[in-house]
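A short write-up of the structure that comes next.
The values are calculated or read from the model by the stated rules, or taken from the named source; none is laboratory data. Just so you know, these numbers come straight off a predicted model, no measurement behind them. A quick note on method: Cβ atoms are made from the backbone with ideal geometry, for glycine too, and the neighbour counts reach across all protein chains shown.
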Amino acid sequence: MRLLPAKDTLLHWQTKQLLLLKNAFRFVAPATNLFSLIKLSLVAQIYHLMSFLNVEIKARCSNAEFIRDYLQVNNTELKGTDEQTDTYFNVPNGRLKLREGNIENNLIFYERENQAGPKNSKFNLVKIADARGLKEVLTKSNGIKVVVKKKREIYYIKNVKFHIDEVPGLGSFVEIEAGNILADLDAEKLKSQCDFYMKELGIKPEDLVEISYSDMLLMGTK
């Protein structure tokens, strides 16, 4: 959690957060809906707004037990298994999704190229206290594009996040996300971490997936 500078009053800090939220939601809805989104965000006690970079991969997974064993031996932090619902909304650029789970509840806007190997994902993350209320507003203002449901095991090794996913209709996957959310690292270092763990987990080029689960569902890809 970010600490407030002593010179900032609480009102001053809240004003700055409103400006940040307004900037983050500029792509979400017309101005008539923008105030409702900001108001709802405050009522729902959204307490984070940050911009970060991941270098990440997604791959089909036929050896989940091997990956679990590797992660356990290498002193990972297991966050648990999350039953997640990702609702994607219509936006003019990038991707906007609301994640609801028993571990993670976030509104995420991200921009990422579709490619098989390690790829940069630039994203803004807002932690959500009232996902149901925000979903109602976004559904009315933007419309739902697609919904992705999955069971996700979440692990960390320092700043690198690992997912073992089961996605109904699509299959089993593993993801590696080397991010600067927990460490001040540049894109080159993050890619090096991603490459390292791809080799460690035995992920082959033919296992890599170019597109997101949402795209796979929309395209009917399995």
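Checked against (1) farther than 16 Å from R68 by Cα; (2) out of contact with any Gly (no Cβ under 8 Å at 6 or more places or on another chain), I164 passes all but condition (1).
How about the stretch 193-222: which of its residues are under 14 Å from V160 (Cα atoms) and exposed (fewer than 15 other Cβ atoms within 10 Å of the Cβ)? Residues satisfying the conditions are F196, E200. Checking each residue in the stretch 87-104 for being in contact with a Phe, Trp or Tyr (Cβ under 8 Å, 6 or more places away or on another chain), surrounded by fewer than 20 Cβ atoms within 10 Å (Cβ to Cβ) and not hydrophobic (A, V, I, L, M, F, W, C) picks out P92, N93, G94, R95. A search for C-beta distances below 7 Å between a residue of the stretch 187-198 that is among the polar types (S, T, N, Q) and any residue that is not in a helix (DSSP H, G or I), counting only pairs 6+ apart in sequence or on different chains, returns Q193/V160; Q193/A178.
Is there a residue in the stretch 138-149 that is more than 15 Å from T85 (Cβ to Cβ), under 15 Å from the mean Cα position of the chain (by Cα) and part of a strand (DSSP E or B)? Among the residues of the stretch 138-149, not one is more than 15 Å from T85 (Cβ to Cβ), under 15 Å from the mean Cα position of the chain (by Cα) and part of a strand (DSSP E or B), which makes the answer no.
Per-residue answers, yes or no, for (1) touching a residue at least 40 places away in the same chain (Cβ under 8 Å); (2) more than 15 Å from K79 (Cα to Cα); (3) surrounded by 15 or more Cβ atoms within 10 Å (Cβ to Cβ); (4) of a type in the set (D, E, K, R):
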residue: T139; (1), (2), (3), (4): yes, yes, no, no
residue: N142; (1), (2), (3), (4): yes, yes, yes, no
residue: V148; (1), (2), (3), (4): yes, yes, yes, no
residue: R152; (1), (2), (3), (4): yes, no, yes, yes
residue: K158; (1), (2), (3), (4): no, no, no, yes
residue: I164; (1), (2), (3), (4): yes, no, yes, no
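Checking L125, L182, L98 one by one, the residue that is modelled with pLDDT under 95 and assigned to a strand (DSSP E or B) is L125 and no other.
For the stretch 59-84, a residue qualifies if it is closer than 16 Å to K150 by Cβ and hydroxyl-bearing (S, T, Y), and exactly one does: T81.
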